[in-house]
1. Let me spell it out: the conditions are (1) acidic (D, E); (2) modelled with pLDDT of 90 or more; (3) out of contact with any strand residue (DSSP E or B) (no Cβ under 6 Å at 6 or more places or on another chain), and D120 meets all of them except one. Which number is the exception?
2. In this structure, does K98 turn out to be in contact with a strand residue (DSSP E or B) (Cβ under 7 Å, 6 or more places away or on another chain), of a type in the set (K, R) and free of Cβ contacts under 8 Å to residues at least 60 places away in the same chain?
3. Filter the stretch 123-165 down to the residues that are among the hydroxyl-bearing types (S, T, Y), at pLDDT 90 or above and in a loop (DSSP other than H, G, I, E, B) and list them by number.
4. Filter the stretch 94-132 for residues that are closer than 19 Å to N156 by Cα and not hydrophobic (A, V, I, L, M, F, W, C); which is surrounded by the fewest Cβ atoms within 10 Å (Cβ to Cβ)?
5. Between a first residue in the stretch 104-130 that is farther than 22 Å from Q141 by Cβ and a second residue that is crowded, with 22+ Cβ neighbours inside 10 Å and aliphatic (A, V, I, L, M), which pairs have beta carbons less than 6 Å apart while being 6 or more apart in sequence or on different chains?
Amino acid sequence: MKATPFAYIFTTILYFVDICYTYRISTTNSSNDYDFGLIGFAAANPLGRTTGGDHGLTVTATSPAALASAVRGSKPLTIIVGPGARNSTNRIRVGSNKSIIGAGAGVEISGAGFQIQNVDNVVIRNLKISFVKDNDGITIQNSTRVWIDHCEFESNFSEAIGPDTYVGC
């Protein structure tokens, strides 16, 4: 019996849904309630799945200093950034095995962004990163398994300040 194109497409969709569903079930039993059921290259990476801080502790950062402190090191950790704007004057260096997740709408980091360099397994979700001067909102260098999801980037432009004041957004 020859398979029709419809049967092939239907089977492929079922296989994809099964992979996503199985991964979501296996990760929702972790110590926190955040969805780490990533799909695409984050789930199918030959180096392993991108999980960020899944299976680690969950902490809440309420200031730029608390956020910068929480993202250091390589121990798995999920950092929840509470609602509101935070003006950071120093770039935030992110360590391996971290998830940085904005809690709800209106979570904003401004002034300085994130530096992801020589690390592995980082997830950044639900943040607004704005008005970063002389650098990128998020810089990724020599790192693997990095997933940026549902983030918003904003800069400003006018003839008075010039096009290069806020770069990389």
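1. (3)
2. Yes: the conditions hold for K98.
3. S143 - this is the single residue of the stretch 123-165 that is among the hydroxyl-bearing types (S, T, Y), at pLDDT 90 or above and in a loop (DSSP other than H, G, I, E, B).
4. G106
5. So the pair list comes out as V107/V81; V107/L127; N126/I101.
The values are calculated or read from the model by the stated rules, or taken from the named source; none is laboratory data. Because the structure is a prediction, the values reported are computed rather than measured. We place every Cβ from the backbone using ideal geometry, glycine too, and count neighbours over all the protein chains shown.
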